[in-house]
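Trainee: One structure coming up, written as structure tokens, with questions to follow.
The values are calculated or read from the model by the stated rules, or taken from the named source; none is laboratory data. Because the structure is a prediction, the values reported are computed rather than measured. Here the Cβ positions follow ideal geometry from the backbone for every residue, glycine too, while neighbour counts run over all protein chains shown. Surface accessibility is based on the protein's heavy atoms, side chains included, excluding ligands, DNA and RNA. Shrake-Rupley method; radii C 1.70, N 1.55, O 1.52, S 1.80 Å.
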Amino acid sequence: MTRLSKLGCALLAVVLVLGVTFGAFASDWPSKPITMVIGWSAGGGSDVTARLVFPYVEKILGQKIIIVNKPGAGGEISFSELARSKPDGYYF
């Protein structure tokens, strides 16, 4: 495979993934606050990054993002809570 054909395949893959992702959201999403679960304790790198980035995401989406820290068991506590949550797109 030539370099150009590899680049073309990569670009096609990106376009397909973005097309599927953007088409998956309903036009009225989000209509209520979004909850983001972080599997590490408050003050850690993931928490600080989320709290720095999500104010900008809130402006774009027009909804509040609630950050919840659920540390413990190497992230298993937060993963278990996410698995039990309602799959409505408002709990990440």
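Trainee: Output the qualifying pairs, or none if there are none: Cβ atoms under 8 angstrom, residues six or more apart or on different chains, first residue in the range 34-61 and in contact (Cβ under 8 Å) with a residue 40 or more places away in the chain and within 25 Å of A73 (Cβ to Cβ), second residue open to solvent by 60 Å² or more (accessible area, probe 1.4 Å) and among the basic types (K, R).
Mentor: The qualifying pairs are I34/K64; V37/K70; I38/K70; G39/K70.
Residues are listed down the side, and each one gets a yes or a no for (1) part of a loop (DSSP other than H, G, I, E, B); (2) in contact with a strand residue (DSSP E or B) (Cβ under 8 Å, 6 or more places away or on another chain); (3) crowded, with 16+ Cβ neighbours inside 10 Å:
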site	(1), (2), (3)
G43	yes, no, no
V48	no, no, no
L52	no, no, no
P55	no, no, no
E58	no, yes, no
V68	no, yes, no
A83	no, no, no
